[in-house]
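Visitor: Dropping the structure in here first, questions after.
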2 protein chains.
Amino acid sequence: MKRTPLTVAVVGFGGMGGHHVEHMEELTYFQVKGIQDIRKSQEELARKKGLEVYPDLSAVVEDEEVDVVLIATPNDSHRDIAVSAMRHGKHVICEKPVTMNAAEMEDIMQVEKETGQLFVVHQNRRWDEDYLSVKAIQDLETIGEVFHVECRIHGSRGIPGDWRQKKAQGGGMLLDWGVHLADRQLQMFDERVTHVNCTFQHIRNMEVDDGFRLMLTFESGKTAYMEVGTFNYIGLPLWYVNGTQGSAVIHSWDMDGKVTRLETDREPDARPIQAGAGLTKTMAPRFDDGTVKDLPLPRIDASIEEFYDNVYQTIHGEESIIVKNDEVLRVMRLLEKAFESVEKMQTVPFE
Amino acid sequence: MKRTPLTVAVVGFGGMGGHHVEHMEELTYFQVKGIQDIRKSQEELARKKGLEVYPDLSAVVEDEEVDVVLIATPNDSHRDIAVSAMRHGKHVICEKPVTMNAAEMEDIMQVEKETGQLFVVHQNRRWDEDYLSVKAIQDLETIGEVFHVECRIHGSRGIPGDWRQKKAQGGGMLLDWGVHLADRQLQMFDERVTHVNCTFQHIRNMEVDDGFRLMLTFESGKTAYMEVGTFNYIGLPLWYVNGTQGSAVIHSWDMDGKVTRLETDREPDARPIQAGAGLTKTMAPRFDDGTVKDLPLPRIDASIEEFYDNVYQTIHGEESIIVKNDEVLRVMRLLEKAFESVEKMQTVPFE
């Protein structure tokens, strides 16, 4: 059945705003009518694409044709735009990180409740195939019970030279990438987080973190480590997973990696090996004795179209939303604890 | 000039005791006269090799022919054997970890001072080529100033089923491997450690750690991460190093790895790449644009013979000792802080 398109106005026509416009053009059931941006250059760009240019935010929210406001501005403006849009009867798709802190997200959720509009955050990285592959390894118990997960995002170009370098606008890598990594980790381990430890790197940027290390300890003792670095000229693997019966690694977004599974309960005695200037029996590798087996990574047919489709169907009452606001709020609370941990140079309790 | 050999008695004729005997047989300037061990099986083994078997420790330290007592027993017995040997006029070579804690090491240092004998700890992993290669990368500033170092020792066989599983005897991976990794890191970054954070893994052993994660923060903000795991079926790289002008990786004891160095001060603007379900400009890889260059790892001609040679020459007043007791004591103090960090689930200050 052909869908009647929802009319969209994009606020903030930068990298992500443009990305959404492209997706929506392909999907056809969202139709972008116009954009609003404070930069003349972006207004020009929009006009060339045949999009309407709204002079200011009031013009956007007062346009009765608009069903959905898509927010892709710097983080410090999300709350106010979202609240205004919902109060004018618009649904809202919002870029991540949703807000500067949990309190702002609570404000949004209060207005969502009052107005009955939909507010949803574009946690697009829940649809990354690498993440879904790791989640499948966990869910299928391919390597027994997964008890430790590491995810690293390593680049070598520093932080982009825009608002992402400014604390007042919600810059820094913890808010930019950390919000994705934490969101996914909370999807994977369905239990309380008891402890949060975070440290920041300030290689060239003293105002916001240009890298972070975040360790979460869960109620059962499971642990998750998330790291982002922007001065890593060689990258460590994207994912590294330990289970009771094996390990898995994904080296990069190209999905190169493997699963190694323990195939025996009886461990043959190890022969000590020469390692550097010493002997080690503990760290002797496994020889080709059949005790472990390499398997390919599970491949998942993932598409971000599911996000847009789910938003469309939720607005029409046909599905419930996948990216839930209480999940998003929990991540914001967790990130606040991470900032607190950095500030105090301490592990801080959570939940 | 031919050296007059020093006569050695080995206390504890297990894996490491046997390893020393083999080395000393090759070197010729240490001559092993006999061994003492509480296990009949080890006494038999020694007799077959033509070594004398001492009935007990008193017999060892009272043997006037013995110049050097080599201690390779479980960790809880090191202090008393060392003190007794030195009080009987013997020099002592001791396995690591030197003692159960810093106070025991202080006792030993007091007796060393009183008796004028040499007491030296076999920190053999200062002679590992992989470590020396990393140290060379730092010292030669191949990648600018090194500000973060990671060292991981990953095995998949659990802890050996001997005293290393017992807390009372000083078992666990922090004392076994951590003492090496911390010792080397303190050699690399010559400054105060301000903060220590450590967590333990207890995958199968609840009494001692069968893996640990140790993060040190130094006065200048430099950081070092050390990890040991014994249920890692896929290993992460042995070394990973970040400098202001590049990164380096060493994958394994086979010395496979590389150095990647930044070759420019002007960063060309990155093109966003598709990564998973999203775009990223921050994490866009470097294309073949000459901004970075791969170099081979520096290769170091390292030999553990230098340790034995240095002990011999120090005893003869011809060199000063390489492995200094105040360095060893500092590592023990650091490990105590690591245990405290685990206990409190907190980052603890140090120095």
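Visitor: Using a 1.4 angstrom probe, figure out how much accessible area the stretch A:63-178 has per residue, in square angstrom, rounded to the nearest whole.
Guide: Counting only protein heavy atoms, the per-residue value for the stretch A:63-178 is 32 Å².
Visitor: Excluding residues on the same chain fewer than 8 positions from B:LYS48, give the aspartates and glutamates whose Cα lies under 20 Å from its Cα.
Guide: B:GLU22, B:GLU25, B:GLU26, B:ASP37, B:ASP56
Visitor: Accessible area drop of at least 50 Å² (1.4 Å probe, protein heavy atoms): which residues of the stretch B:248-262 qualify, relative to the chain alone?
Guide: B:TRP253
Visitor: From the label point of B:GLU114, set 7 Å from Cα along Cα→Cβ, how far away are the matching label points in the other copies, in nm, ordered shortest to longest?
Guide: 7.9
Visitor: Now for a different question. Among DSSP beta bridges whose residues both lie in chain A, state the antiparallel percentage, nearest 5.
Guide: Numbers: 39 of 66 bridges.
The answer is about 60 percent antiparallel.
Visitor: Please give the total accessible area that chains B and A bury against each other, computed with a 1.4 Å probe and expressed in Å² to the nearest 100. The partial results should precede the final answer.
Guide: On the way: alone 17310 and 17290 Å², together 28960 Å².
Interface between B and A: roughly 5600 Å².
Visitor: Where the accessible area of chain B is counted over protein heavy atoms with a 1.4 Å probe, how much of it, in %, is carbon and sulfur? Please list the in-between numbers first.
Guide: Values: 6890 of 14490 Å².
For chain B, the apolar C and S fraction of the accessible surface comes to 48 percent.
Visitor: Another question, if that's okay. Taking H placed 1.01 Å from N in the peptide plane, check which residues at least 5 places from B:HIS195 or on another chain put their amide H under 5 Å from its amide H.
Guide: Distant-sequence amide H within range of B:HIS195: B:THR217, B:PHE350.
Visitor: Can you figure out the FRET efficiency of A:HIS23 with A:LYS113, using R₀ = 30 Å and their beta-carbon distance, to the nearest 0.05?
Guide: Calculated transfer efficiency: 0.60.
Visitor: Suppose a student asked you for the relative contact order of chain B, using Cα pairs under 8 Å spaced at least 6 residues apart; what percent would you report?
Guide: In percent, rounded to a whole number, it is 16.
Visitor: Shifting gears a bit: Given Cα pairs under 8 Å that are at least 6 residues apart, what percent is the relative contact order of the stretch A:79-119? List each step's numbers first, then the result.
Guide: Numbers: 37 pairs, mean separation 21.5, N = 41.
Rounded, it is 52 percent for the stretch A:79-119.
Visitor: A follow-up question, please. How many angstrom lie between the C-alpha centres of the stretch A:47-88 and the stretch A:263-300?
Guide: After rounding, the separation between the Cα centres reads 57 Å.
Visitor: As a test of reading the structure, rank A:GLU114, B:GLU351 by solvent-accessible area (1.4 Å probe, protein chains only), most first.
Guide: The ordering from most to least exposed comes out as A:GLU114, B:GLU351.
Visitor: When DSSP beta bridges are limited to those with both residues in the protein assembly as shown, what percentage is antiparallel, rounded to the nearest 5?
Guide: Expressed as a percentage, antiparallel bridges in the protein assembly as shown total about 60.
Visitor: Among the listed pairs A:LYS281/B:LYS40; B:LYS96/B:LYS167; A:LYS258/A:LYS293; A:LYS344/B:LYS337, give every one whose C-alpha distance is greater than 20 Å. Let's see the in-between values first.
Guide: Values: A:LYS281/B:LYS40 22 Å; B:LYS96/B:LYS167 15 Å; A:LYS258/A:LYS293 10 Å; A:LYS344/B:LYS337 18 Å.
Cα-Cα > 20 Å for A:LYS281/B:LYS40; rest within.
Visitor: Run through the other copies and list how far each one's label point is from that of B:VAL53, in nm with one decimal, shortest first; the point sits 7 Å from Cα along Cα-Cβ.
Guide: Spacings between copies for this position, smallest first, are 9.5 nm.
Visitor: Okay, next question. Run the paramagnetic zone check for A:ARG39: 7 angstrom along Cα to Cβ, then residues of the stretch A:73-97 with backbone nitrogen under 15 Å.
Guide: A:73-75
Visitor: Ranked by accessible surface with a 1.4 Å probe, highest first, in what order do B:ASP76, B:ASP63 come? Walk me through the numbers before you get to the answer.
Guide: On the way: B:ASP76 65, B:ASP63 20 Å².
From most accessible down to least: B:ASP76, B:ASP63.
Visitor: Residues of B:154-166, mean number of Cβ from any other protein chain within 10 Å of their own Cβ, rounded to a whole number?
Guide: On the way: counts 5, 8, 14, 11, 3, 2, 7, 2, 1, 0, 2, 0, 0.
Mean partner shielding for this stretch: 4.
Visitor: Also, I was wondering about something else. Counting only DSSP beta bridges with both residues in the stretch B:111-234, what percent are antiparallel, rounded to the nearest 5?
Guide: Around 65 percent of the beta bridges assigned by DSSP in the stretch B:111-234 are antiparallel ones.
Visitor: What does the structure give for A:223-234 when I average, per residue, the other chain Cβ atoms found within 10 Å of the residue Cβ?
Guide: 5
Visitor: Which FRET efficiency value, to the nearest 0.05, do you get for A:LYS49 and A:HIS202 by plugging their Cβ-Cβ distance into 1/(1 + (r/R0)^6) with R0 = 51 Å?
Guide: According to the calculation, E is roughly 0.85.
Visitor: Here's another thing I want to ask about it. Report the relative contact order of the stretch B:6-122, percent, no decimals, based on alpha-carbon pairs under 8 angstrom and at least 6 residues apart.
Guide: Once normalised by length, the contact order is 24 percent.
The values are calculated or read from the model by the stated rules, or taken from the named source; none is laboratory data. The shown structure was predicted, so the numbers you read here are calculated from the model rather than taken from an experiment. Every residue, glycine among them, receives a Cβ derived from its backbone with ideal geometry; neighbour counts consider all protein chains shown. Only protein heavy atoms, including side chains, enter the accessible area calculation; ligands, DNA and RNA are left aside. Shrake-Rupley method; radii C 1.70, N 1.55, O 1.52, S 1.80 Å.
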